[in-house]
Amino acid sequence: MISGILTLLFGEGRNALRETAEVFRENAEAGAERSVSLHEQAMTQFGAEFLLPQKGMYDRFIDGLNRLPRPALALGTLAMFVAAMVDPLWFAERMQGIALVPEPLWWLLGVIVSFYFGARHQAKVQDLQREVASTVLRAPQVVANISALREMRADSPGAAGHGTDAEVAQSSVEHDANPALEDWRKLRRTS
């Protein structure tokens, strides 16, 4: 009989005690293996997000050109300030040359810069408008969800009642026949 019980608990390649304990407590080794597997999958996914498609030489060249105007304008403006402090006469000569640029050419430069930066600004504004529109479309559902949640509050009439709101409101102000509660109320009044 004892050998039968021991065979039941530990025999046939099984361990009934371990299997029973694993119902109540996670097997640490199996949990660690799952954790490692989950971590590897997450890192693989994150790594895949940063893989860029291979671009040709022409695409990389154009991308580089598209990134030049803003830094060139900023650094050029800073360079003019430096040049004005280092060699004021040289700077004054250059500014006299700029004073000779005809006004239509200044307008053309303004249009070019406005279109370049304006197009980027317009694209960003349109993205923002799309996000706002999708948010506004979700507003009625959010309002319905909020009102449904407010109806579930414990302090709202009818939250836990099975009858009509009037019946629940009336029953909330009526006293129940509760002898223990009545005794407690009497004790409080006397003390």
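List of remarks:
- Options Met43, Met80, Met85; residue that is farther than 27 Å from Tyr116 by Cα, part of a helix (DSSP H, G or I), in the same structural domain as Phe117 (by TED's automatic domain parsing) and not charged (D, E, K, R): Met85
- Members of the stretch 127-146 that are surrounded by 10 or more Cβ atoms within 10 Å (Cβ to Cβ) and either among the polar types (S, T, N, Q) or at pLDDT below 70 (or both): Gln129, Thr135, Asn145
- Scanning the stretch 10-18 for residues that are loosely packed, with under 10 Cβ neighbours inside 10 Å, modelled with pLDDT under 90 and part of a helix (DSSP H, G or I) turns up nothing.
The values are calculated or read from the model by the stated rules, or taken from the named source; none is laboratory data. Computed from a predicted model, the values in this text were never measured in an experiment. Using ideal geometry, Cβ is built from the backbone for each residue, glycine included, and neighbour counts are taken over all protein chains shown.
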